[in-house]
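S.K.: Have a look at this one.
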Amino acid sequence: MGPSRFPEVGRFMVGNPIARRLLRRADEVLGYSVVDRFADADTDYDEAAQVAFLVNCLALAEWAQQHLDEVPAVCTGASFGQKTVAGYTGALSFEDTVLLTARLARVLDDYFRTEHTDIVTQSFVRVPDDRLEPVLAELTARGEWYEFACHLDAGFHMVNLRQSAVDWFVTRLRSVGGLPLYAMRPPMHSSLFTGLHATVRDEILPEFTFADPAVPIVSDQTGELLTTADQVRTLVLDGFVRPVRWPDAVATLRDRSVGKVLVVGQDAMFGRVECVVRSFEVVAVNPRLAMQPRRQPVPAGR
């Protein structure tokens with residue numbers, strides 16, 4: 001999930017019949033208007049924004065099956081996409097996926113309000129391993145902690161580190177030809193977040209019943225193929241403490257002879273990295289595509 005603001009997707013949410021149907025169901029689950037709250041959201045990742053992103057992804061996946069005649073042989077979802085793919089494959093019902101998304105958004109907000117307040121997730125590109133390793137060694141020598149949050153592609157990573165070390169880190173990355181992107185707060189995917197992991201394991205997930213997915217899921221953490229309810233539950237839970245290894249997921253798709261990838265939802269990253277675009281035919285199934293006028297088939301005999 002990247003920033004997905006209402007002006008960019010609002011027309012799809014209120015104009016597409018699939019999205020409207022799913023939004024009505026989401027509103028019933030949550031007891032408020034997702035569209036109204038999303039339109040008023042003042043952050044990119046608050047509860048309403050996360051639910052809206054989930055609903056839009058699921059609506060676009062259904063739209064793709066109807067209008068592009070595409071039925072997946074395998075699915076994957078990176079980071080936030082773990083919940084989306086759980087809902088799409090039926091490992092969770094739609095209502096439970098919406099409710100889980102909202103509950104987790106509240107838990108994250110509460111947790112990071114008081115815990116690990118000095119940690120951010122810094123993303124960067126154009127730093128191959130032979131240039132990155134000396135920078136990380138210097139960071140360690142300075143007595144600083146760091147941990148990979150996401151491996152996205154060759155030279156493209158996200159690293160968790162202390163806010164106080166960010167200025168030094170991004171300056172050093174630039175000195176070796178890298179391009180720092182942005183620092184995320186709250187941070188993501190760290191072995192330090194054991195308290196968050198325990199809260200979700202003990203207080204949230206017991207309320208939800210997972211089923212075996214109707215379509216196999218490729219883990220964004222290991223590249224493993226997941227086919228059981230317990231595996232999907234573990235995927236969602238371990239996403240708090242394990243890094244995303246996107247090239248591993250991509251390698252599994254290649255090994256299964258996948259030729260075409262449909263990336264549903266607003267995406268500026270996971271479907272655009274080099275390891276994806278050089279491996280597959282990529283179709284960006286976003287609100288803009290779904291809202292384009294489509295020529296209706298001419299009935300036989302006319």
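S.K.: If you take the residues of segment 156-171 that are in contact (Cβ under 8 Å) with a residue 12 or more places away in the chain and surrounded by fewer than 18 Cβ atoms within 10 Å (Cβ to Cβ), which of them is farthest from Ala105 (Cα to Cα)?
M.R.: Of everything passing the filter in segment 156-171, Trp168 is farthest from Ala105 (Cα to Cα).
S.K.: With the condition kept exactly as written, say whether any residue in segment 36-47 is touching a Ser or Thr at 6+ places or on another chain (Cβ under 8 Å) and surrounded by fewer than 20 Cβ atoms within 10 Å (Cβ to Cβ).
M.R.: Scanning segment 36-47 turns up at least one residue that is touching a Ser or Thr at 6+ places or on another chain (Cβ under 8 Å) and surrounded by fewer than 20 Cβ atoms within 10 Å (Cβ to Cβ).
S.K.: Name the residues in segment 211-232 that are more than 22 Å from Pro243 (Cβ to Cβ) and crowded, with 21+ Cβ neighbours inside 10 Å, would you?
M.R.: Correct list: Pro213 only.
S.K.: So which residues in segment 69-88 are over 24 Å from Arg25 (Cβ atoms) and of a type in the set (A, V, I, L, M, F, W, C)?
M.R.: The answer is Ala73, Val74, Ala78.
S.K.: How many residues, within segment 190-229, are in a helix (DSSP H, G or I) and either of a type in the set (Phe, Trp, Tyr) or touching a Lys or Arg at 6+ places or on another chain (Cβ under 6 Å) (or both)?
M.R.: Residues flagged as in a helix (DSSP H, G or I) and either of a type in the set (Phe, Trp, Tyr) or touching a Lys or Arg at 6+ places or on another chain (Cβ under 6 Å) (or both) within segment 190-229 amount to 1.
S.K.: Answer yes or no as to whether Phe124 is in the same structural domain as Phe148 (by TED's automatic domain parsing) and closer than 26 Å to Leu253 by Cβ.
M.R.: yes
S.K.: Would it be correct to say that Leu196 is in the same structural domain as Val241 (by TED's automatic domain parsing) and under 27 Å from Asp46 (Cα atoms)?
M.R.: no
S.K.: Still on this model: Could you grab the pairs with beta carbons closer than 6 Å, sequence gap of 6+ or different chains, first residue in segment 246-269 and not assigned by TED's automatic domain parsing to the domain that holds Leu226, second one surrounded by 13 or more Cβ atoms within 10 Å (Cβ to Cβ) and modelled with pLDDT of 95 or more?
M.R.: none
S.K.: Considering only residues of segment 76-118 that are closer than 23 Å to Ala229 by Cα and acidic (Asp, Glu), which is surrounded by the fewest Cβ atoms within 10 Å (Cβ to Cβ)?
M.R.: Glu95
S.K.: For Leu152, indicate whether it is in a helix (DSSP H, G or I), of a type in the set (A, V, I, L, M) and not assigned by TED's automatic domain parsing to the domain that holds Ile217. Walk me through it before giving the result.
M.R.: Values: in a helix (DSSP H, G or I): no; of a type in the set (A, V, I, L, M): yes; not assigned by TED's automatic domain parsing to the domain that holds Ile217: yes.
Criteria not met by Leu152.
S.K.: A follow-up question, please. So, of the residues in segment 235-246 that are surrounded by 18 or more Cβ atoms within 10 Å (Cβ to Cβ) and not hydrophobic (A, V, I, L, M, F, W, C), which turns out to be nearest to Tyr111 (Cα to Cα)?
M.R.: By that ranking, first place goes to Gly239.
S.K.: For segment 130-155, which residues satisfy the criterion of being among the hydroxyl-bearing types (Ser, Thr, Tyr) and surrounded by 15 or more Cβ atoms within 10 Å (Cβ to Cβ)?
M.R.: So the first thing to find is which residues in segment 130-155 are among the hydroxyl-bearing types (Ser, Thr, Tyr), and the list is 140, 146.
The answer is Tyr146, and nothing else.
S.K.: Out of all the residues in segment 49-80, which are at pLDDT 95 or above and hydroxyl-bearing (Ser, Thr, Tyr)?
M.R.: Residue satisfying the conditions is Thr76 alone.
S.K.: Inspect all residues belonging to segment 108-128 and state whether any of them is of a type in the set (Lys, Arg), in contact (Cβ under 8 Å) with a residue 60 or more places away in the chain and part of a helix (DSSP H, G or I).
M.R.: So far as segment 108-128 goes, no, none of its residues is of a type in the set (Lys, Arg), in contact (Cβ under 8 Å) with a residue 60 or more places away in the chain and part of a helix (DSSP H, G or I).
S.K.: Looking at Phe193 and the list (1) surrounded by fewer than 18 Cβ atoms within 10 Å (Cβ to Cβ); (2) within 19 Å of Thr114 (Cβ to Cβ); (3) of a type in the set (A, V, I, L, M, F, W, C), which single condition is not satisfied?
M.R.: (1)
The values are calculated or read from the model by the stated rules, or taken from the named source; none is laboratory data. Everything numeric in this text was worked out from a predicted model, so none of it was measured. Quick reminder, even Gly has a Cβ in these numbers, built from the backbone with ideal geometry, and neighbours come from all protein chains shown.
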